[in-house]
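What follows is a short report on a single structure.
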Amino acid sequence: MFKLQKSKLTFYLCLACIILILASFIPFLRPLALDIFRLPLNVATLAGREVRAIVFYHHNYIASDRLSKENDFLKNKLNQELELYLENKRLKALLLFKQKTSFKVLAAAVIGRSPDNWSSAVIIDKGSRAGVKRGAVVINYLGLVGRVSETGLETAKVILINDPNLSVSCIDQRSRQEGLVSGTLGSYLVMKYLPKDADLKISDTVLTSGLTAIYPKGLIIGNIVDTGEEFSGLSRYCLIKPAVNLSSVEEVLIIIQ
Amino acid sequence: MKKRAQVTIIIILALVQVTILDYFKVFNVKPDLLLICTIAGALFFEFKPAILLALLAGALKDVFSVDTSIRDMLLFAFWVYLIKELGKRVPLENTSVRVFLVIAALIFSALINRGISLYALNPIPLGVFLRSIFLESLYTGLVSLMFFKLIR
């Protein structure tokens, strides 16, 4: 660093003192005086803060601990409020859909999922007592969710559309190409048994065709994300991203009429 | 351990597997806590209580599953019988051997499931099957390793 000679230091200090004295009498010199002392003031404030932190360490520690707990409590409360807001948003959308749809539907909440990794099903909190019947179609305001496979008095099991044991006859909304959609246990569905010249494009919407008697016509299944040829080369398939996020569905509607 | 405690633990694990464990899925796969419990029962308890626990665990798994058969109940009882017979010939004290038993039971169960799905003409795609079986056995193996280390 630079070495400040004693004589130079003395000179600068004297100059500063003169300016200070003059600044008391001459107003326009005050800003200049303050500018001169800006850096030392900053350093002194920092040093003072450190001294205060050391001297009042215990007091600061207690305050910090209290504030940290308060912060955690407020974060938790905020998270609860956010959950309520999101639930409110979902239920509003579900209610709006329920009012618009021509089906008679019953709302239910998802209370459990299948315990194994080889099937895709959920357990809902409505059963035969509420009017749920075996084979009833289950939907959501976004699209098709699945079908009721078993009913108890107060609960029912719904097999989701990404279960390999469930197949739905479908139709491409744009080209009206028919096919069969079944699950793969993963995030996507597969539409199989398509002819080689099938008119299918990525982002086409796939709906239920109504050929399977159980599923009403026109329910949204998903959108095409990929197409390809079967291993045999005789037919084509396409991958469909379901309209409903099946891994996180929390409320569903059961079509009872 | 008292019978009531054993039964309570099995029921709690079944509820956890059906609800909470869904948040701990890795690539759509979660560990099979009921299978781990069954294998542990076969290793630590006498034959009769182990079989009863296996039947209870299997029944709980079947009740919550989509499949209406008693497949898991029979399989779990079969694994207990097999482990008891194996225990007479081979020492099963080592943690690695125990983890291997869990993984082997899981893989055989998955192969049986695949066979049934092929017979029902609703096969799970081979790629999905291999990925699921690999991840499930790895995940369940790790959880069972922690479990056996904990109860040691």
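Of everything in region A:172-199 that is buried (at least 18 other Cβ atoms within 10 Å of the Cβ) and more than 30 Å from the chain's Cα centre (by Cα), the residue that is farthest from A:R236 (Cα to Cα) is A:Q177.
Could you say whether any residue in region B:76-88 is within 24 Å of A:K157 (Cα to Cα) and at pLDDT 90 or above? Scanning region B:76-88 turns up at least one residue that is within 24 Å of A:K157 (Cα to Cα) and at pLDDT 90 or above. The residues listed here are A:A23, A:A63; of these, the one that is surrounded by 10 or more Cβ atoms within 10 Å (Cβ to Cβ), on the phi < 0 side of the Ramachandran plot and at pLDDT below 70 is A:A23.
Considered as a group, the residues in region B:93-152 that are part of a loop (DSSP other than H, G, I, E, B) and within 12 Å of chain A (Cβ to nearest Cβ) include one that is nearest to the chain's Cα centre (by Cα), and that residue is B:I124.
With respect to A:G218, is the statement that it is on the phi > 0 side of the Ramachandran plot, more than 14 Å from chain B (Cβ to nearest Cβ) and touching a Ser or Thr at 6+ places or on another chain (Cβ under 7 Å) true? Against the criterion (on the phi > 0 side of the Ramachandran plot, more than 14 Å from chain B (Cβ to nearest Cβ) and touching a Ser or Thr at 6+ places or on another chain (Cβ under 7 Å)), A:G218 qualifies.
Here's the yes/no breakdown for (1) assigned to a helix (DSSP H, G or I); (2) modelled with pLDDT under 85:
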residue: B:M1; (1), (2): no, yes
residue: B:A5; (1), (2): yes, yes
residue: B:T8; (1), (2): yes, yes
residue: B:I11; (1), (2): yes, yes
residue: B:Q17; (1), (2): yes, no
residue: B:D22; (1), (2): yes, yes
residue: B:L35; (1), (2): yes, no
residue: B:G41; (1), (2): yes, no
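From the list A:L185, A:L160, A:L153, A:L142, the one residue that fits, being modelled with pLDDT of 90 or more and either touching a helix residue (DSSP H, G or I) at 6+ places or on another chain (Cβ under 9 Å) or of a type in the set (V, I, T) (or both), is A:L160. Checked against the criteria, B:F76 counts as touching a residue at least 12 places away in the same chain (Cβ under 8 Å), more than 9 Å from chain A (Cβ to nearest Cβ) and touching a Ser or Thr at 6+ places or on another chain (Cβ under 7 Å). When only residues in region A:181-197 that are touching a residue at least 40 places away in the same chain (Cβ under 8 Å) and more than 14 Å from chain B (Cβ to nearest Cβ) count, which is nearest to A:I256 (Cα to Cα)? So, considering only residues that are touching a residue at least 40 places away in the same chain (Cβ under 8 Å) and more than 14 Å from chain B (Cβ to nearest Cβ), the one nearest to A:I256 (Cα to Cα) is A:L194.
When restricted to residues that are in a loop (DSSP other than H, G, I, E, B), within 10 Å of chain B (Cβ to nearest Cβ) and aliphatic (A, V, I, L, M), region A:130-172 contains 1.
Pick from region A:94-129 the residues that are assigned to a helix (DSSP H, G or I) and in contact with a strand residue (DSSP E or B) (Cβ under 6 Å, 6 or more places away or on another chain): which of them is farthest from the other protein chains (Cβ to nearest Cβ)? Ranking the qualifying residues of region A:94-129, first place goes to A:K98.
Yes or no, residue by residue, for (1) over 24 Å from A:T205 (Cβ atoms); (2) modelled with pLDDT of 85 or more:
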| position | (1), (2) |
| --- | --- |
| A:K75 | yes, no |
| A:K98 | no, no |
| A:V105 | no, yes |
| A:A109 | yes, yes |
| A:S119 | yes, no |
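Scanning region B:12-70 for residues that are surrounded by fewer than 22 Cβ atoms within 10 Å (Cβ to Cβ), under 18 Å from B:V102 (Cα atoms) and β-branched (V, I, T) yields B:V29, B:I51. Evaluate region B:48-61: report whether one residue or more is closer than 23 Å to B:E93 by Cβ and assigned to a loop (DSSP other than H, G, I, E, B). No.
The values are calculated or read from the model by the stated rules, or taken from the named source; none is laboratory data. Everything numeric here is computed off the predicted structure, so don't read it as measured data. Here Cβ is always computed from backbone atoms with ideal geometry, including for glycine, and neighbour counts include all displayed protein chains.
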